[in-house]
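Everything below concerns the one structure shown next.
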Amino acid sequence: VQLQAFGGGLVQAGGSLRLSCVVSGRIFSVNYMGWHRQAPGKQRELVAAITSGGSANYADSVKGRFTISRDNAKTTVYLQMNSLKPEDTGVYYCNYNTPGGPGYWGQGTQVTVSS
């Protein structure tokens, strides 16, 4: 399984970005995908995740601002990020998991929010 993330960049506070992650390889119908981020000097943290059935959950810090979605036909997961804050800055990683199986990670994409 390979994951490739797109869409990071530099944006001013209050702006928006949309991240995409394309999954390829042996994909199981029951899976969940997510976005994690890692800020400098901090541990990687879950931002949002979504199951193959469409159920989503979010970190408290992004609720109401970020929306995760997926296109199963294109095996792509998206993260729409609105009202961005400087504390959203970090490297964003997408991942793919199946119940009881190993997890896979994309290469990461940098998001920088300037104040």
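The values are calculated or read from the model by the stated rules, or taken from the named source; none is laboratory data. What you are looking at is a predicted structure, and each value in this text was computed from that prediction instead of being measured. For neighbour counting, all protein chains shown are included, and Cβ atoms are generated from backbone atoms with ideal geometry for every residue, glycine included. These area figures cover heavy atoms from the full protein model, side chains too; ligands, DNA and RNA do not enter into them. Shrake-Rupley method; radii C 1.70, N 1.55, O 1.52, S 1.80 Å.
Scan region 23-38 for residues that are open to solvent by 20 Å² or more (accessible area, probe 1.4 Å) and at pLDDT 95 or above and the total you get is 2. Of everything in region 67-84 that's at negative phi and outside any strand (DSSP E or B), which residue is least open to solvent (accessible area, probe 1.4 Å)? Per the criteria, the residue is L84. Exactly one residue among A13, A56 is open to solvent by less than 80 Å² (accessible area, probe 1.4 Å) and without any contact (Cβ under 8 Å) to a residue 40 or more places away in the chain, and that residue is A56. Scanning region 35-66 for residues that are under 23 Å from G15 (Cα atoms), β-branched (V, I, T) and assigned to a strand (DSSP E or B) yields one hit, V47.
When G64 is tested against (1) farther than 23 Å from Q2 by Cα; (2) free of Cβ contacts under 8 Å to residues at least 24 places away in the same chain; (3) in contact with a Phe, Trp or Tyr (Cβ under 7 Å, 6 or more places away or on another chain), just one condition goes unmet, and that condition is (3). Among the residues of region 85-115, the ones that are touching a helix residue (DSSP H, G or I) at 6+ places or on another chain (Cβ under 6 Å) and not in a strand (DSSP E or B) come to 1 in all.
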